[in-house]
Amino acid sequence: MFRRKLTALDYHNPAGFDCKDETEFRNFIVWLEDQKIRHYKIEDRGNLRNIPTSGWHKSFEQYLRDVNCPFTVEERQESVDWLLGLAVRLEYGDNVEKYKNCPPATATEAEKPSDPLIHLDSSNPDFKAGVLGLASLLKIQRHDDYLVMLKAIRILIQERLTPEAIAKASQSKEGLPVALDKHILGFDTGDATLNEAAQILRLLHIEELRDLQTRINEAIVAVQAIIADPKTDHRLGKVGR
């Protein structure tokens, strides 16, 4: 979700960055401050650079306050996204001459999509409250730009909550009924309800194993189709060169 901004900032692993990995996250924050944001003087970055310490989160919390980030340490994804936005703005400010000569991607009038969101007043308190309420309901990551959040809400609704998407997700495969009393569990829990639950779990596990075996067989057949092209020498009565 951060790949585009990380790529713009020349991060070494934009596609594989995982902010949930604690060590990677801390090293990333240090890199972002050292290389891009540079809010602190070099001599004042010691606490942030002291990655192994148990008090690092307090240093990071202070850092967020110092750069006026609207998110907290608990809102990790939101704070990372905000810091990346700040870094991109600073990067552009440091290299205006470099980027201002880049030709903008323009579209013809016929190609320009009509987006009703551009006409909304994102500074309206009622608008902000409504967007936050929808984002919370749909479990969408918060963003400091409410129009960005609204666009994310629209995408989610279009892809998952339209009648067609719901109908497709609601389709279920009908299977044959299974008589549990015909399947031996192999052990007794002492409770009839638990025995039935264990039988169901065992049957589900067997079904998963069958599906896995089917996939393995398909893989073997696919590999054989690629590599099996033997040369037969009838004079020798064997397969080979």
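Values quoted throughout were computed directly from the atomic coordinates according to the rules given, and no laboratory measurement underlies them. Predicted, not measured: the structure shown is a model, and the values here were computed from it. Methodologically, a virtual Cβ is constructed for each residue, glycine included, from the backbone with ideal geometry; neighbour enumeration extends over all protein chains shown.
Numbers for the structure displayed
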item	result
Label-point separation in nm, Ala167 to Ser54, each point 7 Å along Cα→Cβ	5.9 nm
Under 13 Å, Cβ to Cβ, from Thr189 - net charge with Lys/Arg +1 and Asp/Glu -1	-2
Backbone HN-Hα couplings from phi across region 78-95 [Karplus 6.51/-1.76/1.60, Hz, Gly and Pro as x]	5, 5, 5, 4, 5, 5, 5, x, 4, 5, 5, 4, 5, 4, 5, x, 7, 9
Percentage, to the nearest whole number, of Cα pairs in region 22-101 over 23 Å apart	19 percent
